1. Name the strands (runs of 3 or more DSSP E) wholly within the stretch 116-176 that hold at least 3 residues that are of a type in the set (A, V, I, L, M, F, W, C)?
2. Can you tell me which residue in the stretch 185-222 is farthest from the ligand (Cβ to nearest atom), limited to those that are within 16 Å of the chain's Cα centre (by Cα) and in a loop (DSSP other than H, G, I, E, B)?
3. Taking the conditions exactly as written (open to solvent by 10 Å² or more (accessible area, probe 1.4 Å) and touching a residue at least 12 places away in the same chain (Cβ under 8 Å)), does Ala213 satisfy them or not?
4. Can you tell me which residue in the stretch 148-164 is farthest from the ligand (Cβ to nearest atom), limited to those that are aliphatic (A, V, I, L, M) and surrounded by 17 or more Cβ atoms within 10 Å (Cβ to Cβ)?
5. Looking at Arg47, Arg65, Arg39 in this structure, which one is among the basic types (Lys, Arg) and either surrounded by fewer than 18 Cβ atoms within 10 Å (Cβ to Cβ) or free of Cβ contacts under 8 Å to residues at least 60 places away in the same chain (or both)?
6. Which count do you get for residues in the stretch 264-290 that are farther than 21 Å from Val53 by Cβ, open to solvent by less than 10 Å² (accessible area, probe 1.4 Å) and within 16 Å of the ligand (Cβ to nearest atom)?
7. Out of (1) within 16 Å of the ligand (Cβ to nearest atom); (2) surrounded by 13 or more Cβ atoms within 10 Å (Cβ to Cβ); (3) free of Cβ contacts under 8 Å to residues at least 60 places away in the same chain, the odd one out for Val116 is which?
8. May I ask you to list pairs of residues, at least six apart or on different chains, whose Cβ atoms are under 6 Å apart, with the first in the stretch 284-309 being closer than 21 Å to Val244 by Cα and the second being more than 16 Å from the ligand (Cβ to nearest atom) and open to solvent by 10 Å² or more (accessible area, probe 1.4 Å)?
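The values are calculated or read from the model by the stated rules, or taken from the named source; none is laboratory data. A quick note: this is a predicted structure, and the numbers were derived from the prediction, not measured. Neighbour counts are summed over all protein chains in view; Cβ atoms, including those assigned to glycine, are modelled from backbone coordinates with ideal geometry. For accessibility, only protein heavy atoms count, side chains too; no ligands or nucleic acids. Shrake-Rupley method; radii C 1.70, N 1.55, O 1.52, S 1.80 Å.
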Amino acid sequence: MSDIKMIVPNVPNVPWQNPPEKFTGAPIWRYNDNPIVARNPIEGVARIFNSAVMPYGDEFIGVFRGEQTNGIPCIYLGRSKDAIHWDFDKEKIPFEDENGKSFIPEYAYDPRLVKVEDTYYIIWCQDFYGAAIGLAKTNDFKKFVRLENPFLPFNRNAVLFPRKINGNFVMLSRPSDSGHTPFGDIFVSESPDLHYWGRHRHVMGKGKEWWEALKIGGGAAPIETSVGWLLFYHGVSGTCNGYVYSIGGAILDLENPSIVRYRCTNFLLTPEEWYEERGFVPNVCFPCATIHDPESGKIAIYYGAADSYVGLAFTKFDEIVDYIKKNSVVNSTDVEIGKR
Ligand code: BMA
């Protein structure tokens, strides 16, 4: 019996498929019937990928990046009984601002969905005189109130922690430029009220291993555990044939997440299957969410595949933590407080 645990509510109906007999790398395996969302899922939407899901009541709900047939990404709501088969709304999420005025972002991509206390937050990338982070809240998935942009441009990748730390909301983000940024480290910022953000700290930079040697970015919302915040993030290799996105794993300090306790030197999952290697943008595994159950230790990881599909992979909590710890290499900028 393992003495480490996830400090999260039970989700007994977490989607699951048993592991293969053995692994050559990390103990993480793909769902046999991947991809779980195929092309042309809704009228007017050519591809759904880089999307985030979570339990909602006895079922599941999610925010999905849908690339419309004009090529512009928007966020759509989806619901599912088993977290594998999804029904999508035909219309984009109808945000409104804090005065009740309709707000439809010009474009919106890579949404994350995180519950803090009793409220659900959607975090995504949108235009703010350049690519920046958008933020909205909902309590019922009917009314979606868009809040102030948390950060200045350019920043295209952010995810909120699922609880306040020392009384503040906490967000990971990756400052960047407006395009396909050839650099990028993960930073953490705090806010007492989701309007004013500060106390910015560096969390971790690109790795020295080649799979994450170009840039990194936050992925799924960190999972609170007795060893720290378990983070599945993306690491990018800049090859002569374009970027390759893999899934990495790290564990951040519980009370001070700018400190990296463990960081796996190997990728956990890298493009290997046809739906990861072939698509609108080949060679992309881009994690955006997990569904996890502390009782069984099951973790389901949702990731975008080749900017074309949604993929699902599984791991066991104690095995993945063990793998990350055994293969951990942290450098001086990982373990410092991240303030200069
Ligand atoms: C990143 C983001 C992601 C995308 C990835 C690969 O910069 O735009 O949405 O999945 O590139 O194209």
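1. Numbers: elements: 119-127, 131-138, 144-146, 155-160, 169-175.
Here the list reads 119-127, 131-138, 155-160, 169-175.
2. Within the stretch 185-222, the match that is farthest from the ligand (Cβ to nearest atom) is Pro222.
3. Numbers: open to solvent by 10 Å² or more (accessible area, probe 1.4 Å): yes; touching a residue at least 12 places away in the same chain (Cβ under 8 Å): yes.
Here the answer is yes, as Ala213 does meet what is asked.
4. The first filter runs over the stretch 148-164 and keeps only residues aliphatic (A, V, I, L, M), leaving 152, 158-160.
In the following step, the residues that additionally are surrounded by 17 or more Cβ atoms within 10 Å (Cβ to Cβ) were identified as 158-160.
On the way: Ala158: 12, Val159: 13, Leu160: 18 Å.
Residue satisfying both the conditions and the ranking: Leu160.
5. On the way: Arg47 fails: either surrounded by fewer than 18 Cβ atoms within 10 Å (Cβ to Cβ) or free of Cβ contacts under 8 Å to residues at least 60 places away in the same chain (or both); Arg65 fails: either surrounded by fewer than 18 Cβ atoms within 10 Å (Cβ to Cβ) or free of Cβ contacts under 8 Å to residues at least 60 places away in the same chain (or both).
Among Arg47, Arg65, Arg39, only Arg39 is among the basic types (Lys, Arg) and either surrounded by fewer than 18 Cβ atoms within 10 Å (Cβ to Cβ) or free of Cβ contacts under 8 Å to residues at least 60 places away in the same chain (or both).
6. 0
7. (1)
8. What qualifies is Ile301/Thr290.
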